[in-house]
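**Q** Pasting a structure below so you can have a look.
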Amino acid sequence: MSTDDRSLGVVLLVHTALERAGQVAHHWARNGCPVVIHVDRRVPRESCQAFMRAFADYPAVRFSRRLRCEWGRWSIVRATQIASELMLASFPDVRHVFLASGSCLPLRPIDDLRTYLGERPETNFIESASTEDVPWTVGGLDKERFTLRFPFSWKRQRRLFDGYVKLQRRIGYCRTIPEGILPHMGSQWWCLTRQTLSAILESPRRKEYDRYFRRVWIPDESYFQTLARIHSRNIESRSLTLTKFDYQGKPHVFYDDHLQLLRRSDCFVARKIWPKADRLYQTFLRKSSGSRRTGEPDTNKIDRIFSDAVARRTRGRPGLYMHSRFPNEGWENGLTCAPYSVFEGFGDLFQNFEAWLSRITGIRVHGHLFAPDEAEFEGGQSVYCGGLSSHPATRDRNPGQFLASLIWNMRGERQAFQYGPDDTPEIGWFMAKDPNAQISVISGAWAVSLFHSNLDFSTIRKIAALRQKAEAAHLEILRSPHTKARVRIWTMAEFMETPMDNLQMLIDEMLPRSSLRFSEAPRLASLSGFGKFLQNLKNHGMHPYLVGNFPPDNAFPGHPWPAGRPYLVK
Amino acid sequence: MSRVWRSYRLRAERQRRLVRAIRKRGELRLVADRTALIGKGDILCVATLRNEQVRLPYFLSYYRNLGIDHFLLIDNDSNDGSRDYLADQADVSLWSTPKSYKRANFGTDWVNGLLRKHAHGHWALVVDIDEFLIYPFCDTRPLGALADWLEASSVRSFGAMLIDMYPKGRIDAVPYRPGQDPFEIACWFDSGNYVIEKNPKYRNLWVQGGPRMRMFFADDPMRAPALNKIPLVKWNRRYAYVSSTHMLLPRGLNLVYEEWGGEKTSGCLLHAKFLNTFSEKAAEELTRRQHYADSHEYRAYHDRLKESPDLWCKWSEKYINWRQLEILGLMSKGNWA
């Protein structure tokens, strides 16, 4: 196809970055496209005249009457109408009219686009979705943009705008939509055939339609989109212009570092381009643009990048607390970023529980992270991943964030730690509310370490009372209806009935995919005389009820565990 | 009613600070005035300094590269040649003052004064000479791209967290040469030991942590220095920084974080404080007592650095680029893609 083929006309709406808009207009014109440019009225007269002078040598570039355009309002549609009329009247060869803005950049050779359209001479490319079915607008005004009136500017008169919307909602106002119209919406950037465009502009009912759309909210996204449906059956509901909108309804901007991405997308035109993206403009506006491709636009990769960006902005990374993401309570979308396990009482009941657990599961097992005198990181380290300090004051500055940081810093590796009634109590609620926490409690097991301690009985009694009180409060939290953690609570007596099965179950839950059967059991602390010890506590008025019903003579029915010797499961 | 009262109080405070800023401008003596060169849409950089000659060449080149068009600098009584060096730079306007840094609210009044007079309608970056701004895509997109995008998104202020960078080994082991990238020496940082709290009065976040909290304030973390900063603002003459660049009034400018689960676009300020120049500075500050809270920070450093001057630990992270900081969760692209 040669450059005197004038089948493709371009209507260009220009309001800022005139220099870039001029380059793009030259590019279109050089490649044989008649161009009609609408320069916004707000552009100062001198700059506009300089801009126009640059096109003195191009007979196929015309300028349409200038209007003051405002985003979201009728003036943009009106400007498009005027420019389109001029286009259709002055260039009778034009078969397709392409609507573009000054910050649109053609990515493929214009000939490609002409060929593409030449093969589809009757097709209108206009994104046009029924508002009934597609709730994709931002800010809630989807159907209402057609049934309320919008006489105020959203940009300049926000309060009046919002107030008037509210008022109309309250009194139940509803505009009548002109007959035969079914509201459709879509991208502002279209490419219509002469037939369809002239049918819209010359329609006998145009006055009525215009009067209606004048008070519709953002009519540039609905005027042509709706009317094209009336005048043509041959509608391909997509835009040839690649535009991505973010969650505020604002177009994403392309920069130099998007060059490869844009090149591989095979899109014809992209917007918006940052005006100072020199490399993009240089690359895509080069004169001879090499081999011709016929591929369809493929925007998957770009789509993914931008939808990821929107998700990052609206949902963020779960379990991350930082200086630009600090969710209110309940909006964390995950208190922590990965599952972890908390063991309470296991370290008291088994002598080598931590070492055993890390040996058989291979995960990171910490001691009491919230111990009163130090955070017991794995291996007794005083600083841990991310620079977390084991200093208790630093940790207790904010225990929840300390834990969330630890899980975040070690993401990819499962963490487990011990917790007990002596530890920082504030962390209890945080863990309980966290669905990532797997909390397993053997209540009353703290009595075992007291039993083995070398303290005076009166001290033991005092400590036992304190621990029981702390643990009871903690268990109350774990049993609250607000708890989202995976909680399992046994009294010590219950746990001892089938200890190996219970351990196996926990490990299966931690490592669901490995069918790990452990051959080595953790070493049970000696319990001979423990029953008597409990009875002694009771005799002193301190009933260790959290231990459960532990027989005073230590004769455990079905207790298979010869104290002090490892137990093997076949 | 209390809401109205509080907003009235904050407005009064802002006006008080602005009056102070205008009054304190009298303390500044103009050394080199090139403010006539400031064009429409230029991005400005404002900083206060004292005896930073060795750091200046890299500071200026770093920010020129990033896209700063004009520097507005305040020299607080340097005697190491900083003033003459800066006065010769074509894109620097320089003021100088021998007055007390502390009594100018740690320089904030001076900065507010210059911002009010020269930065109205401009994007302004307020940093210290040892702070280097990193933002998403800073290796491919100039600061102007960020400013344009923020403006199109109706965002007026941009938050950045201060990240203390340190060398491996004694901080005075490798001397820093003028013009050198300080992060060739101090390239390590703490990646995940920060705590955050909301300040109900000004609505800013209060961030603490990093090596300074880990090493110097472990037993009294509340006194660890604040790391939250809002260095980049589309300035209006009615705005005022309250304390350093930690917070501003009106307080809506402090909402550089998202409260409903998402992430706002943010950056980091790499802090090149811990170089061999530091010990000298700390010793000087001990006698001058011109820093915040009677320089308690410097006293803490001085004591600790005498014993074990290595901030590095085996969990320290080595700096690569902004993407690394993004992945570590120290800054965010937000919806800028």
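The values are calculated or read from the model by the stated rules, or taken from the named source; none is laboratory data. Quick caveat, the model's predicted, so the values are computed rather than measured. Glycine also receives a Cβ, built like all others from the backbone with ideal geometry; neighbour counts cover every protein chain displayed. Areas reflect the complete protein model, heavy atoms only, side chains present, ligands, DNA and RNA absent. Shrake-Rupley method; radii C 1.70, N 1.55, O 1.52, S 1.80 Å.
**Q** Packing-wise, with mean Cβ within 10 Å as the measure, how do B:124-136, B:34-46, A:203-215, A:13-25 rank, highest first?
**A** Most protected by this proxy first, the peptides run B:124-136, A:13-25, B:34-46, A:203-215.
**Q** Other chains near B:218-228: what is the mean number of their Cβ atoms within 10 Å of each residue's Cβ?
**A** That works out to 3 on average.
**Q** Among A:His26, A:Tyr247, B:Gly252, whose Cα sits farthest toward the positive end of the charge dipole of the protein assembly as shown (+1 at Cβ of Lys/Arg, -1 at Cβ of Asp/Glu, about the Cα centre)?
**A** A:His26
**Q** Read phi for every residue in segment A:332-341 and hand back ³J(HN,Hα) as whole Hz from Karplus 6.51 cos²θ - 1.76 cosθ + 1.60, θ = phi - 60°, with x for Gly and Pro.
**A** 5, 6, x, 5, 10, 9, 7, x, 8, 10
**Q** Run the helix sum for chain A: -39,500 (n - 2.57) per DSSP H stretch of 4+ residues, divided by residue count, reported at 222 nm to the nearest 500 deg cm²/dmol.
**A** Taken over chain A, the calculation gives -11000 deg cm²/dmol.
**Q** Given a cut-off of under 8 Å on Cα pairs at least six residues apart, what relative contact order in percent is computed for chain A?
**A** In percent, rounded to a whole number, it is 11.
**Q** Further question on the same structure: With +1 on the Cβ of every Lys and Arg and -1 on the Cβ of every Asp and Glu, and nothing else charged, how large is the dipole of the protein assembly as shown about its Cα centre, in debye rounded to the nearest 20?
**A** Its charge dipole is roughly 3940 debye.
**Q** Heavy-atom accessible area per residue, segment A:227-275, 1.4 Å probe: how many Å²?
**A** I get 40 Å² per residue for segment A:227-275.
**Q** Something else now. Calculate the mean, over all residues of peptide A:375-387, of how many other protein chain Cβ atoms lie within 10 angstrom of the residue's Cβ.
**A** Average per residue, whole number: 4.
**Q** 222 nm [θ] for chain B, helices only, -39500 (n - 2.57) per DSSP H run of 4+, per residue, to 500?
**A** It lands at -9500 deg cm²/dmol.
**Q** Let me ask something else about it. If you roll a 1.4 Å probe over segment B:103-159 with all protein chains in place, what percent of the accessible area is carbon or sulfur?
**A** 46
**Q** What are the ³J(HN,Hα) values, in whole Hz, obtained from phi via the Karplus relation 6.51 cos²θ - 1.76 cosθ + 1.60 with θ = phi - 60°, for each residue of segment A:534-542 in sequence order, with x given for Gly and Pro?
**A** Karplus-based 3J(HN,Hα) across segment A:534-542 equals 5, 4, 4, 4, 4, 4, 8, x, 10 Hz.
**Q** Expressed as a whole number of Å, what is the distance separating the alpha-carbon centroids of segment A:35-97 and segment B:129-147?
**A** 37
**Q** Name the residue from B:Ala240, A:Pro551, A:Trp217 whose Cα lies farthest towards the positive end of the charge dipole of the protein assembly as shown, charges +1 on Cβ of Lys and Arg and -1 on Cβ of Asp and Glu.
**A** Highest projection toward the positive end goes to A:Trp217.
**Q** Short version: ³J(HN,Hα) in whole Hz for each residue of segment B:27-43, in order, from phi by Karplus 6.51 cos²θ - 1.76 cosθ + 1.60 (θ = phi - 60°), x for Gly and Pro, what are they?
**A** 7, 8, 9, 6, 9, 9, 10, 10, 5, 5, 6, 5, x, 4, x, 5, 9
**Q** For segment B:2-328, calculate the relative contact order in percent as a whole number, restricting contacts to Cα pairs under 8 Å that are 6 or more residues apart.
**A** Over segment B:2-328, the number comes to 22 percent.
**Q** So, with +1 on the Cβ of K and R and -1 on the Cβ of D and E, and no other charges, what is the size of the charge dipole of segment A:335-431 about its Cα centre, to the nearest 20 debye?
**A** Around 460 debye, computed over segment A:335-431.
**Q** On the accessible surface of segment B:232-337, probed at 1.4 Å, how many percent belong to carbon and sulfur atoms?
**A** Whole-percent figure for carbon plus sulfur exposure: 51.
**Q** How would you classify segment A:1-82 from its alpha-carbon gyration tensor, with a ≥ b ≥ c the square roots of the eigenvalues: rounded for a/c under 1.5, else prolate if a/b is greater than b/c, otherwise oblate?
**A** Cα axes put segment A:1-82 in the oblate bin.
**Q** Hey, can you find the accessible area per residue of segment B:87-142 for me, probe 1.4 Å, expressed in square angstrom?
**A** Each residue of segment B:87-142 exposes 31 Å² on average to a 1.4 Å probe.
**Q** Using the Cα centre as the reference, give the magnitude of the dipole from point charges on the C-beta atoms of segment B:2-328 (Lys, Arg: +1; Asp, Glu: -1; all else neutral), rounded to the nearest 20 debye.
**A** Dipole about the Cα centre, nearest 20: 1720 debye.
**Q** Still on this model: Cross-link list A:Lys143/A:Lys301; A:Lys301/B:Lys333; A:Lys244/A:Lys301; A:Lys433/B:Lys318: which exceed 24 angstrom alpha carbon to alpha carbon?
**A** A:Lys143/A:Lys301; A:Lys433/B:Lys318
**Q** In addition: Looking at segment B:9-54 from every direction and averaging, what is the projected area of its Cα convex hull in nm²?
**A** With every direction weighted equally, the projected area is 5.5 nm².
**Q** In whole Å, what three semi-axes, largest first, describe the equivalent ellipsoid of segment B:2-328 built from its Cα gyration tensor (square root of 5 times each eigenvalue)?
**A** In descending order, the three semi-axes are 28, 24, 21 Å.
**Q** Do any residues of segment A:236-263 show a loss of at least 30 square angstrom of accessible area between the isolated chain and the full protein assembly, using a 1.4 Å probe, and if so which?
**A** A:Lys250, A:Tyr255, A:Asp257
**Q** Moving to a separate point now. Amide H neighbours of A:Ser130 under 5 Å, at least 5 residues apart or on other chains, H built in the peptide plane: list them.
**A** Amide H to amide H, under 5 Å and 5 or more residues apart or across chains, A:Ser130 pairs with A:Met185.
**Q** Report, by chain and number, residues whose modeled amide H sits under 5 Å from the one on A:Arg175, excluding near sequence neighbours (fewer than 5 apart, same chain).
**A** HN-HN under 5 Å from A:Arg175: A:Leu148.
**Q** Residues of segment B:233-270 losing 20 Å² or more of accessible area relative to the isolated chain, 1.4 Å probe, heavy atoms only?
**A** The answer is B:Tyr257, B:Glu258, B:Glu259, B:Trp260, B:Gly261, B:Gly262, B:Glu263, B:Lys264, B:Ser266.
**Q** While we're here: Given H placed on each backbone N at 1.01 Å, which residues far from A:Val61 in sequence or on other chains put an amide H within less than 5 Å of it?
**A** A:Val35
**Q** Tell me which of A:Asn328, A:Leu107, A:Val11 sits at the most positive position along the dipole axis of chain A, charges placed on C-beta atoms (Lys, Arg +1; Asp, Glu -1).
**A** Among A:Asn328, A:Leu107, A:Val11, the one farthest towards the positive end of the dipole of chain A is A:Val11.
**Q** Ignoring ligands, DNA and RNA, what percent of the accessible area of segment A:340-547 is carbon or sulfur (1.4 Å)?
**A** Whole-percent figure for carbon plus sulfur exposure: 50.
**Q** Can you give the accessible area per residue of segment A:340-547, in Å², using a 1.4 Å probe?
**A** Averaged over the residues of segment A:340-547, the accessible area is 40 Å².
**Q** Need one number: buried accessible surface between chains A and B, 1.4 Å probe, both sides summed, DNA, RNA and ligands left out, in Å² to 100.
**A** The buried area between A and B, both sides summed, comes to about 4400 Å².
**Q** Could you work out the mean count of beta carbons from other protein chains within 10 Å of each residue's beta carbon in B:321-328?
**A** 1
**Q** Using a 1.4 angstrom probe on protein heavy atoms only, which residues from segment A:297-343 are buried by at least 30 Å² of accessible area when all chains are present rather than their own chain alone?
**A** Listed in order, they are A:Ala309, A:Arg312, A:Arg313, A:Arg317, A:Met322, A:His323, A:Ser324, A:Arg325, A:Phe326, A:Asn328, A:Trp331.
**Q** Output needed for chain A: three equivalent-ellipsoid semi-axes, defined as square roots of 5 times the C-alpha gyration tensor eigenvalues, in descending order, whole Å.
**A** For chain A, the ellipsoid semi-axes come out as 74, 26, 21 Å.
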